[in-house]
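Heads up, the thing below is written out as structure tokens.
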Amino acid sequence: GEGIGRCPQLTSLNLDFGRNHITDEHLGTFGEGIGRCTQLTSLNLNFGSNRMTGENLGTLGEGIGRCPQLTNLWLFFESNQITGENLGTFGEGIGRCTQLKSLNLHFRRNQITGEILGTFGEG
């Protein structure tokens, strides 16, 4: 994440980390790096089939929210252990991307409850 943050002129980023053993440990730092790429217009991230709980999902959302030019966002978090505790903060960050024209979020096969989902919608 920090390395990506050294590329402030980046306009498009596609990363596929699917089917690994990635945990949340460095997701916050990754989000902070994304937040320094203020020229991003398209962001596609695949974290499907990993070991994420969503602990630092809020920080990722906040970082994405610092990309004011973003028009296309595709995030794939299917088949993790995300509980949804930080979905509200995540949603607030995404909500700051006022130029978004296309948004695709995939959280299938996690442990998100309906109660938590309401906080995401408020963001």
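Kirkwood's formula applied to the C-alpha pairs of the chain gives a hydrodynamic radius of 14.0 angstrom. The residues neighbouring Arg66, those whose beta-carbon lies less than 13 Å from its own, together hold a net charge of -1 under the Lys/Arg +1, Asp/Glu -1 convention.
Restricting the trypsin sites (Lys or Arg not before Pro) of region 13-92 to loop positions (DSSP other than H, G, I, E, B) with no more than 15 neighbouring Cβ atoms within 10 Å leaves Arg19, Arg51. Shape call for region 1-62 from the C-alpha gyration tensor, a ≥ b ≥ c root eigenvalues: rounded (a/c under 1.5), prolate (a/b greater than b/c) or oblate? Prolate.
Taking GluC sites (Glu not before Pro) across region 12-63, the ones in a DSSP loop with at most 14 further Cβ atoms lying within 10 angstrom of their Cβ are Glu25. The phi-based Karplus calculation (6.51 cos²θ - 1.76 cosθ + 1.60; θ = phi - 60°) puts the 3J(HN,Hα) values of region 32-38 at 5, x, 4, x, 8, 8, 6 Hz, whole numbers, x for Gly and Pro.
Derived scalar couplings between HN and Hα for region 76-83 equal 10, 10, 4, 6, 10, 10, 5, 8 Hz in order, rounded to whole Hz, by the Karplus curve 6.51 cos²θ - 1.76 cosθ + 1.60 (θ = phi - 60°), x for Gly and Pro. Helices in the chain, meaning DSSP H runs of at least 4 residues, each add -39500 (n - 2.57). Divided by all residues, the mean residue ellipticity at 222 nm is -8000 deg cm²/dmol.
Values in this text are rule-based calculations from the coordinates and carry no lab data. All figures in this text were calculated on a predicted structure; none of them were measured in a lab. With ideal geometry, Cβ positions are generated from the backbone for all residues, glycine too; neighbour counts draw on all protein chains shown.
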